[in-house]
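Asker: Below is one structure. I have some questions about it.
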Amino acid sequence: MDAIFNAIQISAKRIKKAIDVKDIGYSQQENSSGETQLELDIQCDMIIEEELSKIDSVHTVSSEEKEHAVKLHEDGKYFISYDPLDGSSLVDVNLSVGSIFGIYKGDFGSQNLVAACYVVYGPRVEMVFAHNKVKLYLLQAGDFEFVKEIRLGEKGKLMAPGGTQQNWEKYHKAMIDGFFAEGYRLRYSGGMVPDLHQILLKGGGLFSYPATSDKPEGKLRRLFEVFPFAFVYEKAGGEAIDGKQRVLDLGHANLHDTSPCFFGSHYEVQRVKEVYSNNA
Ligand code: AHM
Ligand code: MG
């Protein structure tokens, strides 16, 4: 696991450099979710595959930017799913973006997740690694330095409600309105990495990307985005559900499957469970 952690750190430093210098051009290719890839998406995907391929314990990798999984080492025991540059369309407006990693033992699948990690490229580069504990690291003078352990509170103050409101279910809108009426503050950048990072570091709240009329299975991908963040949130003392059940009890039929998702501290997630079990 140390070798994987190291390879992720090296990838993060290389990706930071690529973000700093690369022109934001669209490529001629689409990814498996039908989105046109930026050249930067493809470059970051290659950087991570290249660094992970140097680690013998990595059996297979899969990426939001690759249609199929790629086998690296027959004898390896870890399977790594990653989103190389989540929120990449925010780079040209200079908002924060991130990389997300899920580390599975034996095969991809929520039950096999043993660690998760994400990197935020903002004014500073930070990394959160969740294994037994959830630890925050800051890139300083070329190295990632440990900063602190992260724990979520029972109840927070921030609300990050994703998805096009026009397409929300009525009960979902009523629930979000209810949180705002209770004093929650809106914090939504359109990048799940910085949005979830902010909620984690500021003690709690709720990030949601629900099922909508145009996206009944949500937008965010199980393996590349939802499972890894669910692992981080649970290890930090929070919760992650799809509306009714724990995200980490969900299966997946295809690598690029999506799921509605809610991440937060206990108080807010409890409310989601109540509302969704009475309506959906
Ligand atoms: P991406 O992987 O194509 O970058 O999309 C994922 C991003 C998340 O970071 C963010 O939470 C979500 O898309 C925002 O979607 P929307 O624009 O519908 O609010
Ligand atoms: Mg993504």
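Asker: As an exercise: evaluate residue 234 against (1) surrounded by fewer than 20 Cβ atoms within 10 Å (Cβ to Cβ); (2) free of Cβ contacts under 8 Å to residues at least 24 places away in the same chain; (3) under 25 Å from residue 79 (Cα atoms) and give the number of the one condition it does not meet.
Answerer: Exception for residue 234: condition (1).
Asker: May I ask you to list the residues in segment 41-100 that are among the charged types (D, E, K, R) and more than 16 Å from ligand 1 (Cβ to nearest atom)?
Answerer: Correct list: 49, 50, 51, 54, 56, 71, 74, 75, 77.
Asker: Run down 208, 277 and say which single residue is away from ligand 1 (no atom under 13 Å from the Cβ) and either open to solvent by 10 Å² or more (accessible area, probe 1.4 Å) or touching a helix residue (DSSP H, G or I) at 6+ places or on another chain (Cβ under 8 Å) (or both).
Answerer: 277
Asker: Of all residues in segment 219-231, count the ones that are away from ligand 2 (no atom under 12 Å from the Cβ) and open to solvent by 10 Å² or more (accessible area, probe 1.4 Å).
Answerer: Filtering segment 219-231 for residues away from ligand 2 (no atom under 12 Å from the Cβ) gives 227, 230-231.
Those left that are additionally open to solvent by 10 Å² or more (accessible area, probe 1.4 Å): 231.
The number of residues fulfilling the criteria is 1.
Asker: All but one of (1) surrounded by 24 or more Cβ atoms within 10 Å (Cβ to Cβ); (2) touching a Leu at 6+ places or on another chain (Cβ under 9 Å); (3) more than 18 Å from residue 119 (Cβ to Cβ) hold for residue 247; state the number of the condition that does not hold.
Answerer: Condition not satisfied by residue 247: (2).
Asker: If you don't mind, another one. For residue 115, which of the numbered conditions (1) more than 13 Å from ligand 1 (Cβ to nearest atom); (2) within 22 Å of residue 30 (Cβ to Cβ); (3) touching a residue at least 60 places away in the same chain (Cβ under 8 Å) fails to hold?
Answerer: (2)
Asker: Here is a further query. Scan segment 141-169 and report the pairs whose first residue is closer than 30 Å to residue 5 by Cβ and within 16 Å of ligand 2 (Cβ to nearest atom) and whose second residue is among the hydroxyl-bearing types (Ser, Thr, Tyr) and part of a loop (DSSP other than H, G, I, E, B), with Cβ atoms within less than 8 Å and a gap of 6+ or a chain change.
Answerer: Within 8 Å, the pairs are 160/188; 162/188.
Asker: Can you tell me which residue is nearest to ligand 2 (Cβ to nearest atom) among those in segment 97-114 that are small (Gly, Ala, Ser) and more than 13 Å from the chain's Cα centre (by Cα)?
Answerer: Checking each candidate, the answer is 110.
Asker: Then there's this: Among the residues of segment 176-201, how many are in contact with a strand residue (DSSP E or B) (Cβ under 9 Å, 6 or more places away or on another chain) and away from ligand 1 (no atom under 16 Å from the Cβ)?
Answerer: 5
Asker: Got a number for residues in segment 197-219 being farther than 15 Å from residue 163 by Cβ and modelled with pLDDT of 95 or more?
Answerer: Final tally of qualifying residues: 8.
Asker: How do the strands (runs of 3 or more DSSP E) wholly within segment 88-170 filter down when requiring 2 or more residues that are buried (at least 17 other Cβ atoms within 10 Å of the Cβ): which remain?
Answerer: Because the criterion is at least 2 residues that are buried (at least 17 other Cβ atoms within 10 Å of the Cβ), the strands (runs of 3 or more DSSP E) in segment 88-170 that meet it are 97-105, 113-121, 125-130, 134-140, 158-161.
Asker: Open to solvent by 60 Å² or more (accessible area, probe 1.4 Å) and either closer than 22 Å to residue 131 by Cα or aromatic (Phe, Trp, Tyr) (or both): which single residue out of 184, 188 fits that description?
Answerer: Result of the check over 184, 188: 188.
Asker: Moving on to the next point. Could you figure out which of (1) assigned to a helix (DSSP H, G or I); (2) surrounded by fewer than 23 Cβ atoms within 10 Å (Cβ to Cβ); (3) within 16 Å of ligand 2 (Cβ to nearest atom) isn't true of residue 40?
Answerer: Against the list (1) assigned to a helix (DSSP H, G or I); (2) surrounded by fewer than 23 Cβ atoms within 10 Å (Cβ to Cβ); (3) within 16 Å of ligand 2 (Cβ to nearest atom), residue 40 comes up short only on (2).
Asker: Within the bounds of segment 42-58, is there any residue that is in contact with a Pro (Cβ under 9 Å, 6 or more places away or on another chain) and at pLDDT below 95?
Answerer: The answer is yes; a qualifying residue exists.
The values are calculated or read from the model by the stated rules, or taken from the named source; none is laboratory data. Bear in mind the structure is a predicted one, so any value in this text is a computation, not a measurement. Neighbour counts run over all protein chains shown; Cβ positions are idealised from the backbone, glycine included. Heavy atoms of the whole protein, side chains included, go into the accessibility calculation; ligands, DNA and RNA do not. Shrake-Rupley method; radii C 1.70, N 1.55, O 1.52, S 1.80 Å.
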